[in-house]
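Here is the structure we will look at.
The values are calculated or read from the model by the stated rules, or taken from the named source; none is laboratory data. Note that the structure is a prediction, hence the values are computed from the model and not measured. Every residue, glycine among them, receives a Cβ derived from its backbone with ideal geometry; neighbour counts consider all protein chains shown.
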Amino acid sequence: MSASRPRFKLWTIIADKGGRHQDGPTRRAEPTPQSETNALDTEDTRPASAPQTCQPPLILLVEDDPTLVHALAERMQRDGHAVRVHPALPGGPATAVDGPAALEIYEVTGPGAPALPLSLTADGLLVPRIYISARDDMDARLAAQRVGATRYLTQPVDLDRLMLQIDTYLLRTPERPYRVLLVADDASALAGYAAALEARGMRVETLTDPYATHAAAVRLRPECLVLQRDMAACSGDELAGVLRADARFQELPIVFLMRADDTRPLPLLDGVGETCLPERAAPDALAATIALRVRRARSQRRLNEDLRAALRESRVLRLALDVHNLVCITDTSGVIAYVNDAFCRASGYKRRELLGQGFGLLKSGVHSAEFYAGVWQALRQGEVWRGEFCNRRKDGSLYWVDTSIVPYQDDAGRPTRYLGVGTDVSRLKALEQAFTSTRPDSRPG
């Protein structure tokens, strides 16, 4: 092989014959939609056209590095993938594989990047390509980009990072059909688009009467709305506005089909952005656009659901802390940013008297300067500090708190805030002192 020609190996991850991983259960009959339910937050519960079988994706590895192959195969099998390993093939990456590829991974050991013909997934998107290279220069990255790279990793391969990328791409294949609503005056064009989208596994409903769009959207709960922009009864812009005015469809992706000579800007609507295509767009282009928008919308919904779950959990944890502990948050210089009710009761101060004040307001004089210096040193190094503080109340009396202080850290590991959680142990300290004073060896001789 000449020095100018890159050496590379091809790993191909295979999906099922339809290009989708069939891991969803048979869907139940659809319940009656409720007006308050967000149409995009509801799962598709309609009966499936045919039972789906659970089948793990097959991963074909073509590689001449046994160590790397063994590590990859072991990791992928542990993650539930079916793995087939082949040695590197002479003369390039050509290999016979049954079924369409869901992902391609190349390892490049020379200049440039392999330029294989691009292929499409079953829903019309380009098959993702991950490039692994020993080079980290702009020329190598640009060469990979020009032949369709969607991710570029540098050697040595970080298996955790690579598996994260593989899992991300495999999860992009839909577990359930995309639900699409097409609205246009041209019935023949609608029929053509519907047939092309259904052939790619999407669930499609068509309308030539724009006045029926809202009712159809409530019933179908589409994940993407395709509108002809110029229609006789009403414009696509007006129809999009009607849908977006309903909170259930505020995040519904919309694709406008526009005339070639239409230079009007798209309407500014509340919610997610809109996309435009020519009225006679190729079915592949429409399918790819819909798939991209729906995948983004599904991903965003999952993130929102995770965020809501995290917020609920945070509220429960905060309630538990507030009931049983004194809680205080300060900035890195010790200025108080938050205190809970228990902290206020223990200190005798009102919340407004504490917020914005330095923690030195509560110093009792019991601890030495060296004690406080040790606390700050541990916290600034990102360590958790655990110990007892003697603080002074507003009325001048002292109280003891068994405290744990945890630093909040940024991505670089630098503290940004400090969270202190403590328990008032003043009564326990008083008992200890009383016990110590009554011990025989503590009495003066």
Check: For the subset of the range 309-352 comprising residues that are more than 20 Å from residue 399 (Cα to Cα) and among the acidic types (Asp, Glu), which member is modelled with the lowest pLDDT?
Finding: 313
Next item on the list: Working only within the range 284-295, note down all residues that are of a type outside the set (A, V, I, L, M, F, W, C) and at pLDDT 85 or above.
Entry: 289, 293
Margin query: Checking the structure you have, find out if any residue of the range 296-308 is without any contact (Cβ under 8 Å) to a residue 40 or more places away in the chain and either surrounded by 15 or more Cβ atoms within 10 Å (Cβ to Cβ) or within 30 Å of residue 426 (Cβ to Cβ) (or both).
Written below: no
Margin query: So for the range 344-353 (the condition being part of a helix (DSSP H, G or I), more than 30 Å from the chain's Cα centre (by Cα), under 23 Å from residue 402 (Cα atoms) and of a type in the set (Ser, Thr, Tyr)), does at least one residue qualify?
Written below: yes
Next item on the list: For the range 408-424, state whether one or more residues are under 40 Å from the mean Cα position of the chain (by Cα), without any contact (Cβ under 8 Å) to a residue 60 or more places away in the chain and not in a loop (DSSP other than H, G, I, E, B).
Entry: yes
Next item on the list: Identify, from the list 191, 196, 281, 233, the residue that is farther than 28 Å from residue 303 by Cβ, more than 25 Å from the chain's Cα centre (by Cα) and free of Cβ contacts under 8 Å to residues at least 24 places away in the same chain.
Entry: 191
Next item on the list: Looking for whichever is assigned to a loop (DSSP other than H, G, I, E, B), modelled with pLDDT of 85 or more and not assigned by TED's automatic domain parsing to the domain that holds residue 347 here; the options are 251, 305. Which one fits?
Entry: 251
Next item on the list: May I ask you to say which residue of 252, 243, 326 is surrounded by 11 or more Cβ atoms within 10 Å (Cβ to Cβ), in contact with a His (Cβ under 7 Å, 6 or more places away or on another chain) and not charged (D, E, K, R)?
Entry: 243
Next item on the list: Kindly indicate which of 212, 233, 191, 196 is in a loop (DSSP other than H, G, I, E, B), assigned by TED's automatic domain parsing to the domain that holds residue 282, surrounded by fewer than 18 Cβ atoms within 10 Å (Cβ to Cβ) and not β-branched (Val, Ile, Thr).
Entry: 233
Item checked: Unmet requirement for residue 432, which otherwise passes all of (1) surrounded by 11 or more Cβ atoms within 10 Å (Cβ to Cβ); (2) in contact with a strand residue (DSSP E or B) (Cβ under 9 Å, 6 or more places away or on another chain); (3) among the acidic types (Asp, Glu) -> (2)
Next item on the list: Determine, yes or no, whether residue 219 is surrounded by fewer than 21 Cβ atoms within 10 Å (Cβ to Cβ) and closer than 22 Å to residue 126 by Cα.
Entry: no
